[in-house]
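Asks: I am attaching a structure below and will ask some questions about it afterwards.
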Amino acid sequence: MKDTFYLKKKKKKGFGSKLLFILILLVCAYAVYHYTPFFVKNPIQINIVYPNEYFSSDKNIDINIKDTKYPLKEINIYTYTMNTKIPLYDKIFENKNTYNFPLKFKLNQRLPDGPAKFVIEVTDYSHNNFSLGFKKKIEKQVTVYNHYPKVILLNDAANILEGGSAVVLFYANDKIGLKNVYLQVKYANNKIAKFRCFNAEKFTNHPHTYIAFFTYPFCEQKNWDTSIVAQNNAGNEIYVHVPVYYESFKNKKTDVQVDTHFIETKVYRLLKEANISFNEQDPAQAFDLVINKLEKQNNEQIAQIANSIHTDKILFNGPFLQLPGSAVMAYFGDYRTFYYDNRPLTHEYHLGVDFASIKHAKVLAANSGIVVYTGKIGVYGNCILIDHGLGIFSLYGHLEDFLVKKGDFVEKGQIIAHTDTTGLAVGDHLHFGMLIDGYYVNPIEWLDGSWIRNNIERKIADARKRADMLKYYTQ
């Protein structure tokens, strides 16, 4: 019996030891899992927006830091340059409730030009890594570059009529390359119109030269300001003022009477085709929707088509052609006020020229170019858009048919369609428009051979002569 009791006691003692051993293993496994960095994925995410390959002391450092599980504890940013560690940013989060930290700041010191190592270290409040928290470190090789692009104008001051067109040629370059070059016009309480710049080496016989056509959009303040903007690959931007002599446009004011029949047969149909809801018991509201909503959408669609095309050469030759044998029924810039039942409805600027001759008159390509659109666009009805190069386009609206298709190269004077009353046209006529980078400009200028010689061809010739002197300024 004594032996039996001893054996039972030994068995109980052996079971307790095993249970204790299992508990110790579980505790160790828990500790290893939660307090060491071997099993749990590091939840810290660092997205460096800037700097990139190049880094400028004048640009904002832009970094997004996020921890998907634990609060952020500390951020350290520094750089190694010329064998020296230079602290750039340090932050300790005392509160433990920050998980997402978008960081954007400008340096309070100027780093020397040359190679550098950009380092970011982030730690969180997790118990992992032996209670020291998760840590993530990113090192990035960059080149510090604090210089700005060089821009040299190749033209005298431009002359422009409000709503008209002008051209400027210039030199722009940087030894690390340019990321972006464009021309901007500020107007009407800091609205900005941007115009693309195209390679002009074929005009100037000099590399790194650009050409840009632009316009001054209609506005009440008459306070346009024109600049060339050049940005290098370090993000440094320079703004160079372009001198422009401008003349305000004297808009002709016209009153247009709209009747119920026109609204019911034209306006309602256009709104239904565009899936714009309206009240058929309120003709005035329907007409307002066509002018201030549908037409705006149509113009945005046309601008989007134009801005998607990048033809870096001139396709047109000389003045553009008017519809043969036609009279001008409405001019560009006419300020129209629409009336219904003797009450003013709305108003707008007419952004083209209306030509009328006979019904179903032959429509000619006003100049040579590439057809980039044929189809129906709201108030313009059946229309054609032709690319003439360097951001210049011509628009033909209210057409009966299409004798060309997208992608066709058309010659100046080639028959492309016939006139009709499609869209929001009252009678058979051609709505002719000219655009620069999606902005409507005065077509009358482009019909004038003298204007083209003085304002385009002469400007290009003068720029070619001045470009010959660039070698003395760009070495």
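The values are calculated or read from the model by the stated rules, or taken from the named source; none is laboratory data. Just so we're clear, the structure is a prediction, and the values are computed from it rather than from any experiment. Cβ atoms come from the backbone with ideal geometry, glycine included; neighbour counts cover every protein chain shown.
Asks: In this structure, is PHE402 surrounded by 23 or more Cβ atoms within 10 Å (Cβ to Cβ) and of a type in the set (Phe, Trp, Tyr)?
Replies: Against the criterion (surrounded by 23 or more Cβ atoms within 10 Å (Cβ to Cβ) and of a type in the set (Phe, Trp, Tyr)), PHE402 does not qualify.
Asks: Same structure, new question: I'd like the full set of residues that are touching a strand residue (DSSP E or B) at 6+ places or on another chain (Cβ under 9 Å), touching a residue at least 40 places away in the same chain (Cβ under 8 Å) and assigned to a loop (DSSP other than H, G, I, E, B), limited to the range 189-207.
Replies: ALA200, HIS206
Asks: Does the range 229-247 include one or more residues that are surrounded by fewer than 18 Cβ atoms within 10 Å (Cβ to Cβ), among the charged types (D, E, K, R) and touching a helix residue (DSSP H, G or I) at 6+ places or on another chain (Cβ under 8 Å)?
Replies: Checked against the condition, which is being surrounded by fewer than 18 Cβ atoms within 10 Å (Cβ to Cβ), among the charged types (D, E, K, R) and touching a helix residue (DSSP H, G or I) at 6+ places or on another chain (Cβ under 8 Å), the range 229-247 yields no hits at all.
Asks: Would you check if VAL181 is within 22 Å of the chain's Cα centre (by Cα) and at pLDDT 95 or above?
Replies: So VAL181 fits the description; yes.
Asks: Looking only at the range 358-384, which residues are outside any helix (DSSP H, G or I), small (Gly, Ala, Ser) and touching a residue at least 40 places away in the same chain (Cβ under 8 Å)?
Replies: Selection gives ALA361, ALA365, ALA366, SER368, GLY369, GLY381.
Asks: Also: State whether one or more residues within the range 316-323 are of a type in the set (A, V, I, L, M, F, W, C), assigned to a strand (DSSP E or B) and either under 27 Å from LYS376 (Cβ atoms) or without any contact (Cβ under 8 Å) to a residue 60 or more places away in the chain (or both).
Replies: no
Asks: Just one of the numbered conditions (1) of a type outside the set (A, V, I, L, M); (2) more than 22 Å from TRP446 (Cβ to Cβ); (3) more than 32 Å from the chain's Cα centre (by Cα); (4) surrounded by 15 or more Cβ atoms within 10 Å (Cβ to Cβ) is not true of SER326; which one?
Replies: Just one mismatch for SER326, condition (2).
Asks: Let me ask you something else. Considering each residue of the range 439-452, count those that are part of a helix (DSSP H, G or I) and surrounded by 14 or more Cβ atoms within 10 Å (Cβ to Cβ), and give that number.
Replies: 6
Asks: Quick one: in the range 274-312, which of the residues that are touching a residue at least 12 places away in the same chain (Cβ under 8 Å), out of contact with any helix residue (DSSP H, G or I) (no Cβ under 7 Å at 6 or more places or on another chain) and charged (D, E, K, R) is farthest from ASN367 (Cα to Cα)?
Replies: The selected residue is ASP288.
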